[in-house]
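Enquirer: This is the structure I want to talk about, given as structure tokens.
None of the figures in this text is laboratory data; all of them are computed from the coordinates on show. Being a predicted model, the structure only gives us computed values, none of them experimental. When we count neighbours, we look across all protein chains shown, and the Cβ atoms used for this are built from the backbone with ideal geometry, even at glycine.
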Amino acid sequence: MRAWPALISGVLFGLGLTLSGMSDPAKVLGFLNITGAWIPDLIFVMGGAVVVTFLITPLVTAREAPLLASAFSLPGKQLLDRRLVGGAVLFGIGWGLSGYCPGPALVSLLYGYESTVVFCLAMFAGMALEGPLGRLLAPS
Amino acid sequence: MNAYLMPLTGGVLLGLSAMWLLLSLGRIAGISGIAWGSLAGPERVWRTLFLMGLLLGGLLTHNVMGQPVPAESTAPLWLIVTSGLLVGLGTRMGGGCTSGHGVCGLGRRSPRSLVATLTFMTLGVITVFVMQSLMGASA
């Protein structure tokens, strides 16, 4: 599989995260703070992104194959399970504690802040722990 | 200029990024999965290129277009560590984050992604509310 298209996609994603304000944890926390001084920006970020994917995804997946790979690699799971919901619960709590989710945290490494470096290291540690801990928390 | 033009433009770019990755390589632009896969594999090359592009995009915004860099989080480091651990654990367990479930999954009309997105948004709101209450009105 060719890989270079991923670079273009990454650039667009990095531009999107930084231009939209998603890489500012104070803005993200302000968005989640619906009972306080609410900052509505993220509605426009998520709204703009989802309108684009909602309209274009069916046109793309109607093709037999992607342009530069032999087949689409889409998640096949359909069922709701405890791992999905349990994982989303833990992620939501983590997101609300700092205002960082994975994309904004990674692009913020550019800023050279101690807190983003620490966050990303902890995030990768959490990912590595998922194997043993995930089975313990939500046996499938 | 309308205050919401930048968030909207940024959001549309996120959507276009996801659509280009789907059209070209047939892949989902889920950052938690891409980040983990770039380290643990398989197919580390395209994932690593995506992450390099991500940083490049940030450089374009701040160094070429001159947009201001956001301030550092004011949260204490123990909170940052806890947050990072939960985000890493939760996104792998739940199979995605704001991008994979939110941006891409909702576009694919995936019921799993809808449930995941509603769940993490709700927990994010509750967590901020609880933290604000614990830290008092000054926070």
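Enquirer: Report the normalised scattering of chain B as log10 I(q)/I(0) at q = 0.18 Å⁻¹, calculated by the Debye formula with identical scatterers on the alpha carbons.
Expert: Summing over Cα pairs of chain B leads to -1.35.
Enquirer: With runs of 4+ DSSP H residues as the only contributors, calculate the mean residue ellipticity of the protein assembly as shown at 222 nm using -39,500 (n - 2.57) per run, divided by the residue total and rounded to the nearest 500.
Expert: So the calculated ellipticity at 222 nm is -22000 deg cm²/dmol.
Enquirer: Can you work out ³J(HN,Hα) from phi for every residue in segment A:29-43, in order, using Karplus 6.51 cos²θ - 1.76 cosθ + 1.60 and θ = phi - 60°, giving whole Hz and x for Gly and Pro?
Expert: 5, x, 5, 6, 7, 6, 9, x, 7, 5, 10, x, 3, 5, 4
Enquirer: Then there's this: Highest GNM mean-square fluctuation, chain A, Cα pairs closer than 10 Å: which of A:L106, A:L42, A:L67?
Expert: Of A:L106, A:L42, A:L67, the Gaussian network model singles out A:L67 as fluctuating most.
Enquirer: Which whole-number percentage describes the relative contact order of segment B:5-135, with Cα contacts under 8 Å and a sequence gap of 6 or more?
Expert: 28
Enquirer: Okay, next question. Give, rounded to the nearest 20 debye, the magnitude of the charge dipole that segment A:4-137 has about its Cα centre when Lys and Arg contribute +1 at Cβ and Asp and Glu contribute -1 at Cβ.
Expert: For segment A:4-137, the charge dipole is close to 300 debye.
Enquirer: Additional query: Would you give the gap between the C-alpha center of segment A:1-79 and the C-alpha center of segment B:54-68, rounded to a whole Å?
Expert: Distance between centres, Cα-based: 18 Å.
Enquirer: Rounding to the nearest 20 debye, state how big the charge dipole of the protein assembly as shown is about its Cα centre with +1 on each Lys and Arg Cβ and -1 on each Asp and Glu Cβ.
Expert: Computed charge dipole of the protein assembly as shown: roughly 740 debye.
Enquirer: Right, another one. Fewest first, what order do A:T53, B:T9 take by the number of other Cβ atoms within 10 Å?
Expert: B:T9, A:T53
Enquirer: Next question. Of A:L15, A:L59, A:V85, whose Cα points farthest to the positive end of the dipole of segment A:4-137 (charges on the beta-carbon: +1 Lys, Arg; -1 Asp, Glu; origin at the Cα centre)?
Expert: A:V85
Enquirer: Which FRET efficiency, nearest 0.05, do A:T35 and B:T74 yield, Cβ-Cβ r, R0 22 Å?
Expert: 0.65
Enquirer: I would also like to ask the following. Compute the Rg to Rh ratio over chain A from the alpha carbon atoms, using the Kirkwood formula for Rh, and round to two decimal places.
Expert: Ratio of gyration radius to Kirkwood radius for chain A: 0.99.
Enquirer: To continue, here is another question. Given an 8 Å cut-off on Cα distances and at least 6 residues of separation, report the relative contact order of segment A:2-46 as a percent.
Expert: Dividing the mean separation by the residue count of segment A:2-46 yields 25 percent.
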